[in-house]
Amino acid sequence: VHIGACGWYLCAAMHEDIDTTWIARRSLDADGLQLLRYEDPFTIWVHSFYFILTVFTTVGFGDMSALTRGEIGYVNCVMIVGTVVNSIIMSEVITTLTGVDKLQAELNKRCSLIQDFAEHAHLSPRVQLALEDAVKKSKALGIINTKEMRGLFSSNYVPRSLLGQLPRELFQGQLIANQFLSEPLRQIDNMPPRLPVLMALFLTPKVYDCGEILYQNTDMPVHFFLVLNGVFAHVGIPQESGGKDPLPPAAITTANTFGSATSKTKIFNEISTDDLFHAHDMQELFPYQLFGFRNYFGEHELLLGLNMRQGYCRCESGAGGTVLAMDKQEFHRFQGDFPVFNAIWVQMAKRREAKRKKLLKKLRMPGSYKLLAIRIIQRVWRKMSRIAKTPKRERRMIVDSDDDAKLKPQNEVSHQSSYIQWRSGRETDVQAGKSSSDVQELRSHMQKMDERMEKIQNSVDLLLQVMGLKVSQTNSAGQNDSNADEGPYLE
């Protein structure tokens, strides 16, 4: 604009007759007595600058105009240049303003994602503010093409120092303490911080009431579960020869509808048509494998690619329980992101499934989960005591031993007689629909046992946690000399 103003002044200064130029026609007062030609050069430059600026901005007030040939030619050139310059300036201004809006919108979006994730993962306000500050201070703030939070944590927008602190804050530290993530650390020196963070994105808290079923055998596996609180258990049908998995609903319905009863479904032949849809609920199921705080279950079928559940799981604790559930599709995607951990998880799943089958075969007597917990505590305590008193080279024999096989004969006989009484009472109830005196006596006895279990409930829960810590420490001490397999005893 300054160069254009200087050129506009030269059009008048270099003219043959200055009285016909714009300088001579320009007056400074309303009466036209004070002409611009008699003013100082700075005042002339100010008026020239004013005219060129009105041409560049295409305003054109009309108080100054070109009259001579030189002025008209110069103004034509200025208008052409002014159109181009004005377009460039306006486009830059618009780009700058809209660019700031986009960056602010992206910042707001990411801060909103941080807030949602903090609420989802129960992060403390301190960690939430640290994440938001890290996102706001990021210099490379571009548009994320991947999906929302997964893309945010997979990229370099979150500092590594802050990312390393996140696992201890996820779900108040309960996620990183779960055996699903802590057990692989026995074989791997460290854990990528993104593993628990990405895992937390797809975990959904779910609350179950006492007796509510999480999945049944032959169901399609769609979730796997991490326990936050409460007690869950695999349940089965106790038998003298060893426990059996519950009959699936489809087998019961088929046997009663089409009359194709097998040895497994004979017990349901006497069920009336009215009870057909409730036949599966009439099975008396008892726990044989417990899953408590910091444990997990339901991963075997997902890791091995099976199409049907192998067990029957339900909530056992009277106050209910809470789990973190991950969808099957997200779990498979998560497997592909961490192949080293996936190989270890597959090995763990195979061992846990073998342990489940072994415990199911030991299910010979009915009992509540509290009674089962007491037995587990006693068994682990005896084994720990024996391990502590035995040289390391002989501990393998103790670890592989079965304490249940060394019970006294009179205990075994009493168990068998009690089982026969319970079985006979059950068949009497199913066939005759009424209770005998023996069944009533057995029920009274069971009721008294339940009352005793109520009194020691708090002690059992405390012992479970204490013994769990002791067993994990003992197994770590003997890892080099034996393949310690004590963990499943607390499952």
**Request:** Please list, in chain and number order, the residues 5+ apart from CYS210 or on another chain whose amide H is under 5 Å from its amide H, with Hs placed from the backbone.
**Result:** GLY320
**Complete:** When all Cα-Cα pair distances of segment 173-240 are considered, the percent exceeding 18 Å is 53 percent
**Asked** Across 5 Å bins from 0, what is the distribution of all Cα-Cα pair distances for segment 38-135, in whole percents?
**Response** 2, 10, 12, 12, 9, 7, 6, 5, 5, 6, 6, 7, 5, 4, 2, 1
**Asked** Cα-Cα pairs above 19 Å in segment 108-238: how many percent?
**Response** 57 percent
**Message:** Over 14 Å apart: what share of the alpha carbon pairs of segment 1-54 falls there, rounded to a whole percent?
**Reply:** 50 percent
**Given LYS361/LYS389; LYS355/LYS383; LYS206/LYS328; LYS244/LYS383; LYS362/LYS383, the pairs whose alpha carbons are separated by over 25 Å** = LYS361/LYS389; LYS244/LYS383
**Complete:** Taking 219-231, 347-359 and ranking on average Cβ neighbours within 10 Å, highest first, one gets 219-231, 347-359
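A short reminder: the numbers here are calculations on the coordinates, not readings from a lab. Predicted, not measured: the structure shown is a model, and the values here were computed from it. Every residue, glycine among them, receives a Cβ derived from its backbone with ideal geometry; neighbour counts consider all protein chains shown.
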